[in-house]
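The values are calculated or read from the model by the stated rules, or taken from the named source; none is laboratory data. What you see is a predicted model, and the numbers here were worked out from it, not measured in a lab. As a convention, Cβ positions derive from the backbone with ideal geometry for all residues, glycine included, and neighbour counts pool all protein chains shown. For accessibility, only protein heavy atoms count, side chains too; no ligands or nucleic acids. Shrake-Rupley method; radii C 1.70, N 1.55, O 1.52, S 1.80 Å.
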Amino acid sequence: MTPTLPGAPPPSPIPLKERASIVFVEKGQLDVIDGAFVLVDAAGVRTVIPVGGLAAIMLEPGTRTSHAAVALAASAGTLLIWIGEAGVRLYAAGQPGGARSDRLLWQCRLALDPDARLQIVRKMFQIRFGDSGPERRSVDQLRGIEGVRVREIYRGLARQFGVEWRRRDYDPRDFDASDIPNRCLSAATSCLYGVTEAAVLAAGYAPAIGFLHTGKPLSFVYDIADLFKFDTVVPEAFRVASQHAKGKLDKPPEMATRHACRDSFRRANILGRLIPAIEDVLLAGGLQLPEPPPDAVGPAFPDPAQTGDPGTPS
């Protein structure tokens, strides 16, 4: 059989929870050289990227990608995301694996059932704020309450890190027009949205079918990312903004924010928590997860079979 890719055969996909989170790539040509996923810059310098061990690769302006590189990323189960500077805009994404019809139908049923949707939103409130919100409130009313709480969290973190803060304000068409705290926050949330979208797609769900967020291509990604935002990337953004204000950074604040988010993802084991969180939230809707039909395609990235005795719990 004629190989479809040059060089060595591509690696088998590994479970998402065992991967590193994301890398940002700019100003170079992505290609496959000797079977490896490589970034070649204008000077001809090659940087090998371990594509099979990443959840997502964020492609910034100035990046060109070959057909072979896209095919290798797809076979390794790594999401390619074409973004604007620092991730403020998302142009396109290459799907890793594929959606599951049974999961998509379940997600749609939950989103279309008013009671199930409300229970899911309350579950998300419980995870984020420690309570399910006031009783007898609609989803729209809970969305307004969420906005008030989020603004207060921003103000609290600004006080904690000594950052001058007015409000969350940025222009996706002009990244540099924002102040430093907002630029750090945009860079931070883009990191989280990238890895969350990879998890949503790998689990077989639709990024656009959200519950608290609606009407956007990444509504469900925003729903799930918000569960982790204030435990991971937002404090790091304010910390970097504080360091910048004190003249303690030796790199651009956006780059420092990305590096801080990468380290935060490792500490928080974000990839090991995302897919279980998705299932936990959706099960709160109270509708039974349907059994897949006999001819259904399996998970995009199945966990390897366990070997040996699991042991006796202590």
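One table, with the values for the structure above:
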{"read-out": "Some residue of the range 244-254 being under 12 Å from residue 187 (Cα atoms), more than 22 Å from the chain's Cα centre (by Cα) and surrounded by fewer than 20 Cβ atoms within 10 Å (Cβ to Cβ)", "value": "yes"}
{"read-out": "Some residue of the range 49-59 being within 25 Å of the chain's Cα centre (by Cα), at pLDDT below 85, more than 18 Å from residue 258 (Cβ to Cβ) and among the aliphatic types (A, V, I, L, M)", "value": "no"}
{"read-out": "Residues satisfying the stated conditions in the range 218-229, i.e. within 24 Å of residue 138 (Cβ to Cβ) and not small (Gly, Ala, Ser)", "value": "218, 220, 221, 222, 223, 224, 226, 227, 229"}
{"read-out": "Of all residues making up the range 143-161, the number that are under 16 Å from residue 223 (Cα atoms) and either surrounded by 15 or more Cβ atoms within 10 Å (Cβ to Cβ) or not small (Gly, Ala, Ser) (or both)", "value": "5"}
{"read-out": "Residue match in the range 79-97 (condition: within 24 Å of the chain's Cα centre (by Cα), modelled with pLDDT of 85 or more and among the basic types (Lys, Arg))", "value": "no"}
{"read-out": "Residues satisfying the stated conditions in the range 15-60, i.e. assigned to a loop (DSSP other than H, G, I, E, B) and either open to solvent by 60 Å² or more (accessible area, probe 1.4 Å) or of a type in the set (Asp, Glu) (or both)", "value": "26, 27, 34, 41, 42, 43, 45, 50, 60"}
{"read-out": "Output for the range 177-194, where each listed residue is open to solvent by 20 Å² or more (accessible area, probe 1.4 Å) and of a type outside the set (Ser, Thr, Tyr)", "value": "177, 179, 180, 183"}
{"read-out": "From the options 83, 127, residue that is under 25 Å from residue 201 (Cβ atoms) and open to solvent by less than 50 Å² (accessible area, probe 1.4 Å)", "value": "83"}
{"read-out": "Residue check, residue 76 in contact with a Leu (Cβ under 8 Å, 6 or more places away or on another chain), open to solvent by less than 30 Å² (accessible area, probe 1.4 Å), among the aliphatic types (A, V, I, L, M) and touching a residue at least 12 places away in the same chain (Cβ under 8 Å)", "value": "no"}
{"read-out": "Candidates 267, 273, 258, filtered to the one that is open to solvent by 60 Å² or more (accessible area, probe 1.4 Å) and touching a helix residue (DSSP H, G or I) at 6+ places or on another chain (Cβ under 8 Å)", "value": "273"}
{"read-out": "Looking only at the range 133-142, and only at residues there that are touching a helix residue (DSSP H, G or I) at 6+ places or on another chain (Cβ under 8 Å) and open to solvent by 40 Å² or more (accessible area, probe 1.4 Å), the one that is farthest from residue 219 (Cα to Cα)", "value": "134"}
